[in-house]
Amino acid sequence: MEEVQVEAETQWIYTFADSSRLLTIIISILLIIYGSFRALGLDASYDVCEEGDGEQNCSSSPFTRLVDGFQTINTAQAVFLPVGASFSLLVMFFFFDTLQFFFALCTAALLIQTDLSLALAMVAFSFVLLPVCQFLTRPCYGSNNQKFSLGFCGRFTPAEALSLVCSAALVMVWIATGHWVLMDALAMGLCVSMIAYIRLPSLKVSTLLLIGLLIYDVFWVFFSSYIFKANVMVQVATQRAANPVSFVANKLKMNSVGNISPQISLPGKLIFPSMQDRGRFSMLGLGDIVMPGLLLCFVMRYDNYKKQAAVAADTEQSKITYFHCSLIGYIIGLMTATVASEVYKAAQPALLYLVPFTLLPIVVMAYLKGDLRKMWQDPFVAANVKLKFMEV
């Protein structure tokens, strides 16, 4: 009897330590950290542009133009975003088969931002690749400030051009093969870009948004099956779309090409197959990374703001920051969600665990430090940060 119990405990630990679960936890943490630091870098670049240094560079490049394009979620949008997400989820649930080509095409288009005067290609993944491309081109082009013209597309630095080409090639290979590694790469690019460019202006907006999304996540994972006879969230997340290559090939009567074009999974999630069990994989939606990531990015920016204020006032800054506290909470929440999915053998709404473990420690810590009132309203007003609100 004791041997059976020990074997069961060993099997449970082995399952929890599965490579797919570990990769999901590690990658999601790294994406949030990287996206938050990129947001600070964009803030610094924006300040340089505002001061007038290198104004020509700030206006001529699509990447530096985006520095002035932070999208800030206001109170109304935070309240109605879960409603809009629910409507979108229902549309995909009922009409996915009819609109699957449109969804696939829009997914690729989300990675290709266009402007009336110049083509901006692959913002999501090229944004992630840009620092790497800057490092690779530095030996040949120095500080990477030299720009060359691409006609009506505008002027680009060598690093920007290289990142655009690499991102375009990645998207085309993904459409042609549908490989999960490429899908994960594009999903990671979307995560980092959204965390860096979408801003939460206050703790009040953060609380409204995360609580609303928590209710949204819990309802569609736990209770949608009672109404729609299926788990709407899981079914939409795991559906595969028709390949645009196959659609075009069939229209052109090239059936041989259309038949070998695989269906593709849209990059709205991270998927990691298990190395120990071929039939096992771990899946985490992008919302479970981006939404808590926006909160962690907000507190990192506030930590940086307080650090600058402390340096200006020549006062000592606390070593334990809000970002450290919330990051530890995110790790604990993600591990709790992983354990819950293994215990109950069913999909879990990750935000049910992530929101309390990230939001509550920040609120308690802000109350103890006396920052709660300032963080609740608009802590960056004094920092004179210009924010551009999203158009509804």
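The values are calculated or read from the model by the stated rules, or taken from the named source; none is laboratory data. All values reported here derive from a predicted model rather than from experimental measurement. Note that each Cβ is placed from the backbone with ideal geometry, even for glycine, and that neighbours are counted across all protein chains shown. The protein model used for the area step is the full one, side chains on, heavy atoms only, and it has no ligands, DNA or RNA in it. Shrake-Rupley method; radii C 1.70, N 1.55, O 1.52, S 1.80 Å.
List of remarks:
- For the stretch 281-384: relative contact order, % (alpha-carbon pairs under 8 angstrom, 6 or more apart): 28 percent
- The listed residues C166, C133 rank as C166, C133 when sorted by accessible area, largest first, using a 1.4 Å probe.
- R0 of 25 Å, Cβ-Cβ distance N74-K307: FRET efficiency to nearest 0.05: 0.40
- Gain in span if fully extended, L368 to K319, counting 0.36 nm per residue against the direct Cα distance: 16.1 nm
- In the context of the full protein assembly, T315 retains an accessible surface of approximately 80 Å², using a probe radius of 1.4 Å and ignoring ligands and nucleic acids.
- Nonlocal amide H pairs with T72, under 5 Å, H built at 1.01 Å: R199, K388, F389, M390
- Theoretical FRET efficiency, 1/(1+(r/R0)^6), r = Cβ-Cβ of K229 and D378, R0 41 Å, to 0.05: 0.35
- Probe 1.4 Å, all protein chains present, accessible-area order of R301, R138, largest first: R138, R301
- Cα-only Debye scattering, the stretch 291-382: base-10 log of I(q)/I(0) at q = 0.19 Å⁻¹: -0.87
- By a 1.4 Å probe calculation restricted to protein chains, I25 has an accessible surface near 20 Å², given to the nearest 10.
- Under 5 Å, built H, 5+ apart or other chain: amide partners of K269: L286
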